[in-house]
Amino acid sequence: MIDNVRVAVVGVGNNTSALVQGIAFYRRTGSLVGVHRPDIAGLGIGDIDFVAAFAMSDDKVGKDLHEAIFLPPNNFPRLAPELPASGVTVQRGLVDSTEIGRVADALRHAEVLLYSAPSGMPETARAYAEAALTAGVAFINTTSDAIAREPLWLSRFEQAGLPLLGDDLASQFGTSVVHHALLRLLEDRGLTLVSSYQVNLGGTEDFRNLVENPNTKTQSKLNALGSDKVQMAPLGYLPHLKSQKIAHLNIEALGWAETAVSLEVRLKVHDPSGAAGVNIDLIRLAANALRSGRGGYPAEAGSLLKSPPGTAI
Ligand SMILES: NC(=O)c1ccc[n+]([C@@H]2O[C@H](COP(=O)([O-])OP(=O)(O)OC[C@H]3O[C@@H](n4cnc5c(N)ncnc54)[C@H](O)[C@@H]3O)[C@@H](O)[C@H]2O)c1
């Protein structure tokens, strides 16, 4: 019998809500619908225990994790009427390097730190990565801020024998993976790409933040596609969409005898579900690498991330 993975999470936002509720859902129902990998190194979907959680909003700090995930501005739906108390009290997080010691101390029971704060706060991301190094836990950077792409951070985690997974998770069935698959199909079938674009609309706090502060997200999305012919329209924040995201993809290409081919795709998903479906795999890969004594970036995480080591910052 393998021990459950002990996870600490930074950011009690929509993605944490979808992850926490989803794990409870799969434990309760035994369903495997929507699960990419039921088993990773002997670890199932339900084999995760949350041991610490960090937030910054006064509303969430001091609350039980299972209460805090439902507080605004989170708008991922409630999946079940009842979620018994988790026993994990949300603690105040940090914003810079001044409180690394306190956070590292709070990580003493954790094996993996899942960093799920807003993108666009590089100093904060680095401070939590430092806390993970101090505490001796694996670090997963789900945001587009560069940590795993920074050679210095990667070598520090390698030397410490601690896994570092990042940057920027690639949603389970989101715009990046669908767009990438279609571009690859075009190439495989011998067509020539002329131009392509993505339009992304959403109603989450993440979208609101990224509209105001596109920061590293645009580059990270382009990293996931690997083509210089793709353009990203500015993200659109539409609050009435709540946790749903709508993406439009356009591809213009040339086929036989240079005749035109045009493809339009509309994708509608719950954005936090797409994140949770990948975070559950990143957590188990991180725990397995840690338990096997493998520090640095585990190559098996590659398809789950938009901007792994070696991609542009
Ligand atoms: N499909 C997806 O949803 C997807 C895909 C790729 C990457 N991401 C990234 O995942 C991250 C989380 O997304 P989300 O939708 O849960 O965002 P969110 O805004 O709902 O949640 C982030 C939470 O972190 C909190 N926070 C802010 N500063 C903090 C700090 N210093 N310490 C602790 N908590 C802090 C915020 O108050 C908020 O509750 C974002 O960076 C997003 O860009 C999401």
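The values are calculated or read from the model by the stated rules, or taken from the named source; none is laboratory data. Computed from a predicted structure; not experimentally measured. Ideal geometry is used to build each Cβ from the backbone, glycine not excepted, and the neighbour counts take in all protein chains shown. Accessible surface areas use protein heavy atoms only, side chains included; no ligands, DNA or RNA. Shrake-Rupley method; radii C 1.70, N 1.55, O 1.52, S 1.80 Å.
Students often forget the sequence filter, so: which lysines lie under 21 Å Cα-Cα from residue 229 once same-chain residues fewer than 8 apart are removed?
Result set, ordered by chain and number: 217, 221, 306.
I'd like to know which of 256, 292, 213 lies farthest towards the positive end of the charge dipole of region 176-293, counting +1 on Cβ of Lys and Arg and -1 on Cβ of Asp and Glu.
292
Based on the Cβ-Cβ distance from residue 123 to residue 257, what FRET efficiency comes out when R0 is 51 Å, to the nearest 0.05?
For residue 123 and residue 257, the calculated efficiency is 0.40.
Long-range amide H contacts for residue 231: which residues qualify at under 5 Å (H placed 1.01 Å from N, peptide plane, sequence gap of 5 or more or a different chain)?
Excluding prolines and chain starts, which carry no amide H, the hits are 196, 197, 198.
Rounded to the nearest 500 deg cm²/dmol, what is the calculated helix-only ellipticity per residue at 222 nm for the chain, with -39500 (n - 2.57) per DSSP H run of length n ≥ 4?
-10000 deg cm²/dmol
With unit charges on the beta carbons (Lys and Arg positive, Asp and Glu negative) and the dipole taken about the Cα centre of region 160-313, which residue among 172, 183, 226 sits farthest to the positive side?
Of the options given, the answer is 172.
Could you give the size of the charge dipole of the chain about its Cα centre, using +1 on the Cβ of each K and R and -1 on the Cβ of each D and E, expressed in debye and rounded to the nearest 20?
So the dipole magnitude of the chain works out to roughly 400 debye.
For the chain, what is the largest minus smallest coordinate of the Cα atoms on each principal axis, given in angstrom and ordered from greatest to least?
64, 45, 40
Which values, in whole Å and largest first, are the semi-axes of the equivalent ellipsoid of region 173-313 obtained as the square root of 5 times each eigenvalue of the Cα gyration tensor?
28, 22, 13
Can you compute 3J(HN,Hα) from phi for each residue in region 173-190, using the Karplus curve 6.51 cos²θ - 1.76 cosθ + 1.60 with θ = phi - 60°, rounded to whole Hz and x for Gly and Pro?
9, x, 4, 5, 5, 5, 4, 4, 5, 5, 5, 5, 4, 4, 5, 4, 8, x
Rank 90, 115, 163 by how far each Cα sits towards the positive end of the charge dipole of region 77-176 (+1 on Lys, Arg Cβ; -1 on Asp, Glu Cβ) and give me just the farthest.
Of the listed residues, the answer is 90.
Roll a 1.4 Å probe over the protein chains and send me the accessible area per residue for the chain in Å².
In whole numbers, the chain has 44 Å² accessible per residue.
Would you mind telling me the share, in percent, of accessible area of the chain contributed by carbon and sulfur at probe 1.4 angstrom?
Using a 1.4 Å probe with all protein chains present, the chain comes out at 54 percent carbon and sulfur.
Could you tell me what fraction of 2.2 N^0.38 Å the Cα radius of gyration of region 1-154 comes to, as a two-decimal ratio?
In units of the 2.2 N^0.38 Å rule of thumb, it is 1.03.
Can you spot the aspartates and glutamates whose alpha carbon is less than 18 Å from residue 245's alpha carbon? Ignore those fewer than 8 places along the same chain.
Within the straight-line limit of under 18 Å, residue 245 reaches these aspartates and glutamates: 168, 205, 206, 212, 264, 271.
Please report the Cα spread of region 132-248 along all three principal axes, rounded to whole Å, starting with the longest.
Each principal axis gives a Cα extent; for region 132-248 these are 46, 41, 22 Å.
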